Each structure stands twice: as structure tokens, then as C-alpha cells.
Amino acid sequence: MDTAPTIEDEQFQADILIGVSRTFALTIPQLPGVLRRAVGNAYLLCRIADTIEDDPEMSKDQKVRFSDWFVSLLQGAEDHIPFENDLSACLAADTPIAEKELIESSGRVLRITRDLRTTQKLAITRCVLTMTKGMMYYQEKETLDGLADQNEMDRYCYYVAGVVGEMLAELFCDYCPELEPKKELLLQLSVSFGQALQMTNILKDVWTDRERGACWLPGTTLQKHGVLFKTLAPENGGEPFRSFMLEMLATASGHLSNALSFTLLLPRNQTGIRRFCLWALGMSLLTIKKIWKNPNFTHGSQVKISRRSVKITALATSFFAMSNTALKLLFKTSALGLKKKEIKTPLDSISDLTIPKKQN
């Protein structure tokens, strides 16, 4: 049976976050202590699941085995040491050092998970279980053919990011009881919070994903613009790919608008929670604007935002964190020129969130 987390475990969680995430290493520390610990722990659990899913050398059967094993550990069923040893031995040679260290110290993270408040553990466990189930399903769809349509892309984004938004809403409501009357609306908008960030990453990393044989873009939308992504070289996108990207950016901007509405529902005096959300949304908006100005970019580095831009975003959103009016104006001004697709309810276009059973 695991003991309570040690000071060293807590320090490891804080330190490893810096190694595995540029964005969340900036945003999570803005949260108040109780939330910082829970959200940091949740992020690392999701990162472990993601490291398994992303490994380029493991077979699908191995990924399913390790994912199921990880889920059983999260539910407190087994000793973590065999998991750490076996998974570490199977990781690709070029796995980042910080991610290897995270896997090798999974037990430290899990000890903190088990020490969280019951409501926090329930929200985090649901998120990780749903995400893991979804990622394993989409393993079989990781091809250059892309996803079927926008509905399927929304569904994918829900499983890998929307559930994280829902978890955040649950954790925020648990921390701030005054949010309870707004909980239903927060949960709806939280899905857009996750999808806005995920779509930004998908569009920014489109050519990096292509190199590893993956495409998370909607096939029917590609076809509508006359884009055959499977055979398309980055430098040959032309007007068809440009028009496709602009449509995708409009959808991402719609989710970003909902994500801002989600953030503005949070108590104005909870500036730490607001900064956590606003910094992430600000960086997402800056990335979307860079892609909008150069939709035919050929490498992700061409649309990567600078550290200076990150600092300015953090300063501006922090300064106006308590004013909804000022924040609306700031984001509206920053988004000038961008078209936005209205997303009335984030899950409206997803007809079914149940993972289909495999056919024998």
C-alpha cells in the first residue's frame, strides 16, 4: 500500500512540470495552492497517458496494455514499480528526457493523486479514464486520410481536450462554491475551452503530424476545398489549402470565443484562476493570428509565438483580469480580421460520444 506523498514527491511534481510543458509550466503556477496541486497532478497524469499514445515504436497492443495498466494504477489496484520499469524499457530511444523521468517516477505522481480531496480525485479520474479510452480508439484512425468530417474532429477533440475542460470546470466549482448556480453552463463552455486549445495545436502542428503519418483534419472539409492532404507537400498547398485553413481557423476562433465566455463566468476576485485561463487563451489567439497571416506555412516554427509575445500577453491579460469589459475589448481587438464561426453549444455537432465497439 502506498504511503502518503512526501515533500520530495511534491517537489518532483512541481519540477517535472517545467520539463514536460512550456505552456502549463507558466499557467498552472498562477492557480491558488489547492487547485495548483490538483491541476498540476492531473496534467502529469494526462501526460503519462499521452506519452504512451504518442510513442512511435510501441505496437498498438503494447499501447493498449500499458494504457489499461495505467488506468488500473490510477484506480489504486496495483504496485506502480513494475509499470514504471516495463514502460520505461519500451519507450522509444528519442523520448524526451523529462518524459522518461516522468514515467520512471509515476508512483510519485500517483501518491499525490490518492492524497487529493475526494471530489478532486473523482473529477481527475473521470478525465483520465475518458481520455485514455478515446486515445486508444483513435489510435486506429491515425492515418494520412484524416478524420471523416468536422463532427469526427469535434469528437476527437472532446476525448483528448474537451474532457480536460470539463475537469477544470468541476475543480473550479469545487474550489469556488459560488459557481454552483453556473455549473451547467460552465461545463458546456468548458468543452470549447479544451477544443480551442486542441484545434490550435492541430493546425500549428499539421505538418509535424504529417511527418509521422497522422492527420486530425476533417476529410469532408478538405474535399470541399479540393485538398488531397495525403499526397500534399507543405510547399504545394496553394489557394485550396489556404482557404481550407481559413475555414478551420474560423471554427477554432468560435471555440475560443466560447472559451473566453467560460473564463468570464469565473469570480472576478479569483484572479489566479482567471490568469490560468486567460494566459492559455491569449497564447492560442496569438498562434491563430500567426497562422491566419501565413496559412500556407510549411513548418510549425513559422507560426510559433515568441517569448516576448507570451510575456506581453501575460501582462495584458493579468492587468485586466478583474474587468470583463476590458477583457472582451482586448480579445476583440487582438482578433481583428479573423472570421469566427458561431458555436452555440460546443457539443451540438457531436451526435454520439460513445466509443464504438470493435466489430469481430
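The values are calculated or read from the model by the stated rules, or taken from the named source; none is laboratory data. Computed from a prediction, not measured in an experiment: that's the story for all the values here. Every residue, glycine among them, receives a Cβ derived from its backbone with ideal geometry; neighbour counts consider all protein chains shown.
Tabulated values for the structure
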{"read-out": "Number of positions in region 183-238 that are among the charged types (D, E, K, R), assigned to a helix (DSSP H, G or I) and in contact with a helix residue (DSSP H, G or I) (Cβ under 7 Å, 6 or more places away or on another chain)", "value": "2"}
{"read-out": "In region 145-189, the residues that are of a type outside the set (D, E, K, R) and either under 12 Å from the mean Cα position of the chain (by Cα) or not assigned by TED's automatic domain parsing to the domain that holds Cys215 (or both)", "value": "Tyr156, Cys157, Tyr158, Tyr159, Val160, Ala161, Gly162, Val163, Val164, Gly165, Met167, Leu168"}
{"read-out": "So Asp79, is it without any contact (Cβ under 8 Å) to a residue 40 or more places away in the chain and closer than 23 Å to Gly134 by Cβ", "value": "no"}
{"read-out": "Residue identified as assigned to a helix (DSSP H, G or I), closer than 23 Å to Lys183 by Cβ and of a type outside the set (Ser, Thr, Tyr) among Leu260, Leu329, Leu285", "value": "Leu260"}
{"read-out": "Filter result (out of contact with any Lys or Arg (no Cβ under 8 Å at 6 or more places or on another chain), among the hydrophobic types (A, V, I, L, M, F, W, C) and under 16 Å from Thr27 (Cα atoms)) within region 290-319", "value": "Val310, Ile312, Leu315, Ala316, Phe319"}
{"read-out": "Residue identified as more than 24 Å from Phe297 (Cβ to Cβ), in a helix (DSSP H, G or I), acidic (Asp, Glu) and at pLDDT 95 or above among Glu178, Glu247", "value": "Glu178"}
{"read-out": "All helices (runs of 4 or more DSSP H) inside region 1-94 with 2 or more residues being basic (Lys, Arg) and surrounded by 15 or more Cβ atoms within 10 Å (Cβ to Cβ)", "value": "33-54, 60-74"}
{"read-out": "Unique residue being surrounded by fewer than 19 Cβ atoms within 10 Å (Cβ to Cβ) and either closer than 25 Å to Val206 by Cβ or assigned by TED's automatic domain parsing to the domain that holds Glu211 (or both) when the list is Lys141, Lys100, Lys121", "value": "Lys141"}
{"read-out": "Breaking point among (1) modelled with pLDDT under 95; (2) surrounded by 16 or more Cβ atoms within 10 Å (Cβ to Cβ); (3) assigned to a loop (DSSP other than H, G, I, E, B), for Leu336", "value": "(2)"}
{"read-out": "Filter result for Gly226 (touching a residue at least 12 places away in the same chain (Cβ under 8 Å), at positive phi and not charged (D, E, K, R))", "value": "yes"}
